[in-house]
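The values are calculated or read from the model by the stated rules, or taken from the named source; none is laboratory data. Because the structure is predicted, anything quoted here is derived from the model rather than measured. Glycine also receives a Cβ, built like all others from the backbone with ideal geometry; neighbour counts cover every protein chain displayed.
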Amino acid sequence: MSGAVPKLRFPEFAGDWTETRLGTLTVKVGSGVTPTGGASSYERDGIPLIRSQNVRDNELNLADVAFISESTHMSMSGSRVMPNDVLLNITGASIGRSCIIPPHLGEANVNQHVCIIRTNSTLDPSLLQQFLSGPLGQKEIVKSQGGSGREGLNFENIRSFRVTIPSLPEQQKIASFLGAVDGKISGLRRKEAALVRFKAGLMQKLFSQKLRFTRDDGSAFPEWDLVPFEEAFVRVKRKNVAGVQNVLTISAQHGLVSQTDFFSKSVAATDLSNYYHLMRGDFAYN
């Protein structure tokens, strides 16, 4: 069936996009198994066994990849990966993360927590990866878990995903454009990581006083004092009598964040009057 024409489009393309089920655009949707013996069967080197922790957002990360023997790899022939296969995590906390197999990887396999999606000639795998990692694909993933007691996707769920696609040349141009944007984002993330490491090193030197600032006139600041915590801070005990409805939670990576943003729902009590009222400049910790 034909779908609507997108609002944003490269000018050289025309015509409707087609809506269909993902299963009609694939030649394989399946996962691997845990080798007999589990982790005890892993080798120091050999054939990479891709697990859910290796499938990151738009990236195959092999920093802590496990290895299996050639014979184990041969016994798991149904879950060998090929270049341009799309991998999708189907269980656990990382469900919905996906990446594409690069052409240079060579022989590799997956375990049962990772699904291989191999497209046919009508769907560009890079476009599929962009779809799965984007809001429309994530919506399909969330919808497919409805009513499940445990987070998880099965192959029937995945084949039933609704996708809307243009002609193959337009798919390839879109995928190439979005891939270039991903490359820019990856570059910025590497710069951010380098700055975070730089800051951590500075903080270590500053708080150990191996590195000291001076006043504008070049003279030294006074020596630091070591005092009990209670002499430097006063505990906040003000209650939420103002009726503030913005409930925050403390996250390890992002600090104070909105509870509805962090949990995708409110887990606060109906009556917030006994909650502590934080104000700008207050410090909170677990």
Using the structure shown, decide if Asp57 is crowded, with 21+ Cβ neighbours inside 10 Å, under 25 Å from Ile174 (Cα atoms), of a type in the set (D, E, K, R) and touching a residue at least 40 places away in the same chain (Cβ under 8 Å).
-> no
For Phe221, indicate whether it is surrounded by fewer than 10 Cβ atoms within 10 Å (Cβ to Cβ) and not acidic (Asp, Glu).
-> yes
Considering residues of the stretch 107-159 that are in a loop (DSSP other than H, G, I, E, B) and hydrophobic (A, V, I, L, M, F, W, C) only, the residue farthest from Asn54 (Cα to Cα) = Leu123
Taking the stated definitions as given, is Ser186 assigned to a helix (DSSP H, G or I), at pLDDT 95 or above, hydroxyl-bearing (Ser, Thr, Tyr) and not assigned by TED's automatic domain parsing to the domain that holds Ser133?
-> no
For Ala242, are the conditions met, namely being farther than 30 Å from Glu140 by Cβ and modelled with pLDDT of 95 or more?
-> no
Have a look at Val65, Val86 and point out the one that is surrounded by fewer than 20 Cβ atoms within 10 Å (Cβ to Cβ) and among the β-branched types (Val, Ile, Thr).
-> Val65
Just for strands (runs of 3 or more DSSP E) wholly inside the stretch 1-82: which have at least 1 residues that are in the same structural domain as Leu123 (by TED's automatic domain parsing), within 29 Å of Glu156 (Cβ to Cβ) and among the hydrophobic types (A, V, I, L, M, F, W, C)?
-> 26-31, 47-50, 66-68
In the stretch 17-29, is there at least one residue being closer than 23 Å to Pro125 by Cα, among the hydrophobic types (A, V, I, L, M, F, W, C) and exposed (fewer than 15 other Cβ atoms within 10 Å of the Cβ)?
-> yes
What are the residue pairs meeting all of these: first residue in the stretch 233-248, first residue within 18 Å of Tyr285 (Cα to Cα), second residue surrounded by 12 or more Cβ atoms within 10 Å (Cβ to Cβ) and of a type in the set (Phe, Trp, Tyr), Cβ atoms under 9 Å, and 6 or more apart or on different chains?
-> Val236/Tyr276; Lys237/Tyr276; Arg238/Tyr276; Lys239/Tyr275; Lys239/Tyr276; Val247/Tyr275; Leu248/Phe262
